[in-house]
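Colleague: Sending over a structure as structure tokens; questions will come in a sec.
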Amino acid sequence: MDLEHSLPTMDILPLREIGLADTGIRLPRLHELAKHHPKIDWKLSKFAHREHGEQRDIKYDPSGIVKKQSEGELDPRLIVRQEQSGLKQESYFGHCGDLNEKKSKLISYLYDMLGDNAKYFGAVFFLKMETDQGFLPHKDGGGTTRLYIPVYPFGENYSRLEFYYNNQIYYVYNYIKPPPVYLFSSRLIHAVYNYGYPKRMNLQINCKLSYSEALALFDEN
């Protein structure tokens, strides 16, 4: 079978049923509320956190990595960081609270944005990358469905979020005002290369549903 070749695309519509969708929601007050949000306790989170000996208090292990390691079934080369890479596979994680607790103006704003669907969402957090940080193509080990909202910088200085599916590359930038809200499955292979770019930040909200269940919520609206 011959492979199909094409340029990368910013048309993410083919991924809507697979793992990435524009919900159509826009957040005109996001930057104002994020700027005045109470001080965040940023924590450095390494991509291969198990190898670095980090404990994230994750209560489940959907990929079975911990179990496979303890039973000697996992080749450590499959989860190792690339020692010689100029890109540090890490980011800063800033937890803002739970959506249904509404303890800040930002959380309340996001809660109102989701309306009746808010009960299906939980932890709200910022991900921040410095100029030499990022993630190589990967699937996340926990939290299968999230909302993803680009925050800053706006325009060409925001290093794109890349998705890979069926021999096609999809790019998500930060060129839309007000900021859009995307729904994505963390099991769709994705990456961020912030090497040489300025500080980059996005906002994410965990979802308690599968991707298809969450997508149905927005399709109904």
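Colleague: State, to one decimal in nm, how far the label point of K103 lies from the label point of A123, with both points 7 Å from Cα in the Cβ direction.
Modeller: 1.4 nm
Colleague: Restricting to Cα pairs below 8 Å that are 6+ residues apart, what does the relative contact order work out to for the chain? Please round to a whole percent.
Modeller: 29 percent
Colleague: Note down the nm distance, to one decimal, between modelled labels 7 Å out along Cα→Cβ at L7 and at N167.
Modeller: For L7 paired with N167, the spin-label model returns 2.0 nm.
Colleague: Further question: Going from the alpha-carbon gyration tensor of the stretch 169-221, what semi-axes, largest first and in whole Å, does one get by taking the root of 5 times each eigenvalue?
Modeller: 24, 14, 11
Colleague: When every alpha-carbon pair in the chain is counted, what percent end up more than 28 Å apart?
Modeller: Roughly 30 percent, once rounded to a whole number.
Colleague: Please report, as a whole percent, how much of the solvent-accessible surface of the chain comes from carbon and sulfur atoms (probe radius 1.4 Å).
Modeller: On the way: 6420 of 12700 Å².
That share works out to 51 percent.
Colleague: Please give the net charge around P178, taking every other residue with its beta carbon less than 11 angstrom from that of P178, where Lys and Arg add +1 and Asp and Glu add -1. Don't skip to the end; give the middle numbers.
Modeller: Values: positive: R26, R29, K177; negative: E32.
Net charge in that neighbourhood comes out at +2.
Colleague: Nothing charged except the Cβ atoms of Lys and Arg (+1) and of Asp and Glu (-1): what's the magnitude of the dipole of the chain about its Cα centre? Round to the nearest 20 debye.
Modeller: Here the size comes out at about 820 debye.
Colleague: Putting +1 on Lys and Arg Cβ atoms and -1 on Asp and Glu Cβ atoms, find which of P178, N202, Y165 reaches farthest to the positive end of the dipole of the stretch 136-221.
Modeller: N202
The values are calculated or read from the model by the stated rules, or taken from the named source; none is laboratory data. What you see is a predicted model; the values in this text were computed from it and never measured. With ideal geometry, Cβ positions are generated from the backbone for all residues, glycine too; neighbour counts draw on all protein chains shown. Note: areas computed on protein heavy atoms with side chains; ligands, DNA, RNA excluded. Shrake-Rupley method; radii C 1.70, N 1.55, O 1.52, S 1.80 Å.
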